[in-house]
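Student: Dropping the structure in here first, questions after.
The values are calculated or read from the model by the stated rules, or taken from the named source; none is laboratory data. Treat the numbers as computed from the prediction; the structure is a model and nothing was measured. Note that each Cβ is placed from the backbone with ideal geometry, even for glycine, and that neighbours are counted across all protein chains shown. For the accessible areas, the whole protein counts, side chains as well, though only heavy atoms, and no ligand, DNA or RNA atoms are used. Shrake-Rupley method; radii C 1.70, N 1.55, O 1.52, S 1.80 Å.
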Amino acid sequence: MQATIKETTSKMDKAVSVVEEELASLRTGRASTQLLDGITVSAYGSESPINQLGTVTTPDGMTIMIQPWDKGVVGAIEKAILQANIGLTPNNDGKVIRLNIPPLTEESRKDVVKRAHGIAEEGRVSVGNIRRHMNDDIKRREKDHDLSEDDAKKLLDQIQKLTDAHIKEIDEHLKAKETEIMTV
């Protein structure tokens, strides 16, 4: 029984962390190095994340600065940012790349909030699918007499509680992100 609960918790935690990562990568009108997460640069014969090719900082609330350790990759980093289509244009002075974060308009804020709601909904669906899969497994084990009826009921109740807790966590992340987007 504990193994089932542990597996369910692990899978649901992963679903929540995916939602967290995706929400963190949304542009809010405030500089955040997380906007560059997931962008890889073709350099030295392989793909590398930007933060492995230089120092990424936010000197102020409206600028992201990338200072590559090797000046030879400045162009490759600039190209990768443009291809990532994150809505920012890099300014390259040969040594550092600056990304100026323009303030969001009311309309673009609402679009970002809409995307955030979509990400959260995908997370809720994912948690629900995990619950359904685990419930089906428990019912199958009960039918095969691997689990008693009481144990199956207890497991189903625990999985429902886990589901509710994880969905609540996703909703809290969404609410925090929505507040951040609308109050910048």
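Student: Tell me yes or no: at least one residue of the range 49-71 is open to solvent by 10 Å² or more (accessible area, probe 1.4 Å), at pLDDT below 90, over 25 Å from residue 23 (Cβ atoms) and in a strand (DSSP E or B).
Tutor: No, because not a single residue in the range 49-71 is open to solvent by 10 Å² or more (accessible area, probe 1.4 Å), at pLDDT below 90, over 25 Å from residue 23 (Cβ atoms) and in a strand (DSSP E or B).
Student: Also: Would you check if there is a residue in the range 85-97 being under 22 Å from the mean Cα position of the chain (by Cα), in contact (Cβ under 8 Å) with a residue 60 or more places away in the chain and open to solvent by 30 Å² or more (accessible area, probe 1.4 Å)?
Tutor: Looking for residues that are under 22 Å from the mean Cα position of the chain (by Cα), in contact (Cβ under 8 Å) with a residue 60 or more places away in the chain and open to solvent by 30 Å² or more (accessible area, probe 1.4 Å), one finds at least one in the range 85-97, hence yes.
Student: Could I ask something else about it? Can you name the residue in the range 128-152 that is within 30 Å of the chain's Cα centre (by Cα) and among the charged types (D, E, K, R) and is also most open to solvent (accessible area, probe 1.4 Å) among such residues?
Tutor: 132
Student: What is the residue count in the range 98-109 for residues that are in a helix (DSSP H, G or I) and surrounded by 13 or more Cβ atoms within 10 Å (Cβ to Cβ)? Full working, then the answer.
Tutor: Of the residues in the range 98-109, the ones in a helix (DSSP H, G or I) are 106-109.
Remaining after also requiring surrounded by 13 or more Cβ atoms within 10 Å (Cβ to Cβ): 108-109.
Selection size over the range 98-109: 2.
Student: If residue 27 meets every condition in (1) open to solvent by 80 Å² or more (accessible area, probe 1.4 Å); (2) at pLDDT below 85 apart from one, which number is that one?
Tutor: Just one mismatch for residue 27, condition (1).
Student: Identify, by number, the condition in (1) at pLDDT below 85; (2) touching a strand residue (DSSP E or B) at 6+ places or on another chain (Cβ under 7 Å) that residue 38 doesn't meet.
Tutor: (2)
Student: Test residue 75 against the stated conditions and say whether it is exposed (fewer than 13 other Cβ atoms within 10 Å of the Cβ), assigned to a helix (DSSP H, G or I) and either of a type in the set (Gly, Ala, Ser) or touching a residue at least 60 places away in the same chain (Cβ under 8 Å) (or both). Before the answer, list the steps.
Tutor: Details: exposed (fewer than 13 other Cβ atoms within 10 Å of the Cβ): no; assigned to a helix (DSSP H, G or I): yes; either of a type in the set (Gly, Ala, Ser) or touching a residue at least 60 places away in the same chain (Cβ under 8 Å) (or both): yes.
For residue 75, the condition - exposed (fewer than 13 other Cβ atoms within 10 Å of the Cβ), assigned to a helix (DSSP H, G or I) and either of a type in the set (Gly, Ala, Ser) or touching a residue at least 60 places away in the same chain (Cβ under 8 Å) (or both) - is not met.
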